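Each remark here refers to the structure printed beneath this line.
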Amino acid sequence: MPATYVNIASTTLGSSQATVTFSSISTSYTDLAIRWSARTDRSGWPYDNITFRFNSVASNNNYGTIRIIGSNGSVASQIDSNLSYITLVGANAVTASANTFASGELYLPSYLSSRTKQIGMFSAVESNSTFDYISLTSNTFVPTSAINRIDISTLFGTNFVSGSTFYLYGIKNS
């Protein structure tokens with residue numbers, strides 16, 4: 001069980017921004033976690049997906065995911081491979097209730113190891129009216145290099161909006 005969470009970096013957006021990047025990540029920890037509260041400028045839907053890329057790897061065959069989704073009382077699952085990022089429904093969109101932000105967490109154990117990385121994520125999206133969405137994913141990052149950079153973007157919107165927050169934590173297991 002992790003003994004210590006250390007806030008390595010954080011950002012609260014003062015204006016719209018397409019990508020949030022954590023780079024030059026310290027090698028002083030055993031695991032990493034990212035927590036966020038986000039909203040995007042996507043219109044026409046009450047939610048948006050958040051994508052994660054590691055070490056600037058953006059080509060197919062490097063990511064895979066198994067997704068379980070709960071939305072408005074129904075449940076679904078999905079498996080994707082041959083991906084160029086991992087993603088989950090993790091942000092409210094501009095058409096959701098005003099001033100509501102979705103939240104979630106990514107957990108990345110053994111980010112320094114020289115093997116394929118396993119990543120867990122969950123999120124909760126709701127609009128304070130008729131929409132809710134819970135997502136749980138198990139993901140794989142195939143390259144075996146240590147992770148030193150994480151890029152976070154929207155999938156359908158253009159930008160994260162002002163007030164969105166992102167926190168990177170290092171976790172020591174000793």
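Please treat every number below as a calculation from the coordinates, not as lab data. Just so it is clear, the structure is predicted and the values come from calculations on it, not from any experiment. Cβ coordinates were reconstructed from backbone atoms using ideal geometry, including for glycine residues, and neighbour counts include every protein chain displayed.
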Worksheet entry | Hydrodynamic radius by Kirkwood, which averages 1/r over all alpha carbon pairs of the stretch 125-174, in angstrom | 15.2 Å
Response to the item:
Once amide hydrogens are built 1.01 Å from N within the peptide plane, the residues lying 5 or more places from Ile8 or on another chain with amide H under 5 Å from its amide H are Leu168, Tyr169, Gly170
Worksheet entry | Candidates Ser103, Ser26, Ser127, ranked by Gaussian network fluctuation over the chain, Cα under 10 Å, top entry | Ser26
Worksheet, complete the sentence: With label points set 7 Å from each Cα along the Cα-to-Cβ direction at Ser28 and Asp132, the distance between them in nm comes to 4.0 nm
Discussion item. With a 10 Å cut-off between alpha carbons and a GNM built on the chain, which of Asp80, Asp151, Asp132 moves the most?
Written reply: Asp80
Worksheet item: For the chain, modelled as a Gaussian network with Cα springs under 10 Å, which listed residue fluctuates most, Asn139, Asn60, Asn49?
Response: Asn60
Worksheet item: Relative contact order of the chain: what whole-number percent is it, with Cα pairs under 8 angstrom and at least 6 residues apart?
Response: 42 percent
Worksheet item: How far, in nm, would the chain grow between Asn72 and Ser113 when pulled straight, counting 0.36 nm per residue and subtracting the alpha carbon separation?
Response: 10.9 nm
Fill in: When the chain is reduced to its Cα atoms, the Kirkwood hydrodynamic radius in Å
16.3 Å
Worksheet entry | Zone residues, the stretch 9-36, relative to Asn148, backbone N less than 13 Å from point 7 Å out along Cα-to-Cβ | 23-28
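With only Lys, Arg, Asp and Glu charged, each at its Cβ (+1 for the first two, -1 for the last two), find how big the charge dipole of the chain is about the Cα centre; round to the nearest 20 debye.
Numbers: 9 positive and 8 negative charges, 75 e Å.
Computed charge dipole of the chain: roughly 360 debye.
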Worksheet item: Which percent of Cα pairs goes in each bin when the distances of the stretch 1-46 are cut into 5 angstrom slices starting at zero?
Response: 4, 12, 25, 18, 15, 11, 8, 5, 1
